[in-house]
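A quick write-up on the structure given underneath.
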Amino acid sequence: MILELWTCVFSALYFYVQGAKLPEPEVEIEVLYKPFLCHRKSKYGDILLVHYEGFLESNGTMFHSSRRHGDKNPVWFTLGIREAIKGWDKGLQGMCAGEKRKLTIPPALAYGKEGKGKIPPESTLIFDIEIIEIRNGPRSHESFQEMDINDDWKLSKAEVKEYLRKEFERHGYAANDTHHEVMVEDIFQKEDEDNDGFISAREFTYKHDEL
């Protein structure tokens, strides 16, 4: 017992002296339900539609439910870009539409020392989360392939303009060639880093609101 204690002490001192970071705490994941068929799994960059209920681990108090509070609708968020707490980004990877998980999230991956609203500082949180729908994010590999009409792994001005036209029509707006051309020029000015007249797959990672 004494040997184990000193081993822990020396390990902690080693991390302190070396200036290394201690391992980041993990999210505890329990799969509550998983559908038999799974056409795709969630990954960073995807947009997820979820229903959730959040509880304080300390006393079991529910602090929010998308089904009971607000407009009672599920919520959209993008996985992996800190739109939600870090524990969600970690705990909702690799899920199927229709899957339900219970996440136990330590304070460091939730609201930490500050807390938020009904959540006290240093609170471990429990979430029951169901993914309703998974969509490609605006900067996903799939979105790039959708825009890359001739499959040459780069986007021309004509391809981007065609994508904008379709997006405008999909949202109920009339196509406007002059407006689209201005938008395309602005996009290329910001994203075509090597000025070769194309947006490569690498350059595509730069976020721009129009795309």
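The values are calculated or read from the model by the stated rules, or taken from the named source; none is laboratory data. Remember, predicted model here, so these are calculated numbers, not experimental data. Cβ atoms come from the backbone with ideal geometry, glycine included; neighbour counts cover every protein chain shown. Keep in mind that these areas ignore ligands, DNA and RNA; they rest on the heavy atoms of the full protein, side chains included. Shrake-Rupley method; radii C 1.70, N 1.55, O 1.52, S 1.80 Å.
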Next item on the list: Being open to solvent by 80 Å² or more (accessible area, probe 1.4 Å) and more than 22 Å from L92 (Cβ to Cβ) is the filter; apply it to the range 12-55 and report the residue that is modelled with the highest pLDDT.
Entry: L22
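Could we say that K154 is among the basic types (K, R), at pLDDT below 95 and touching a Pro at 6+ places or on another chain (Cβ under 7 Å) here?
Answer is no for this residue.
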Notebook entry, point to check: Counting only residues that are open to solvent by 60 Å² or more (accessible area, probe 1.4 Å) and in contact (Cβ under 8 Å) with a residue 40 or more places away in the chain, which one in the range 121-135 is nearest to S65 (Cα to Cα)?
Noted result: I132
Notebook entry, point to check: Is there any pair with a first residue in the range 154-167 that is open to solvent by 30 Å² or more (accessible area, probe 1.4 Å) and a second that is part of a helix (DSSP H, G or I) whose Cβ atoms are under 7 Å apart and which are 6 or more apart or on different chains, and what are they?
Noted result: K157/V184; K157/F188; K161/H180; K161/E181; K161/V184; Y163/M147; R165/H180
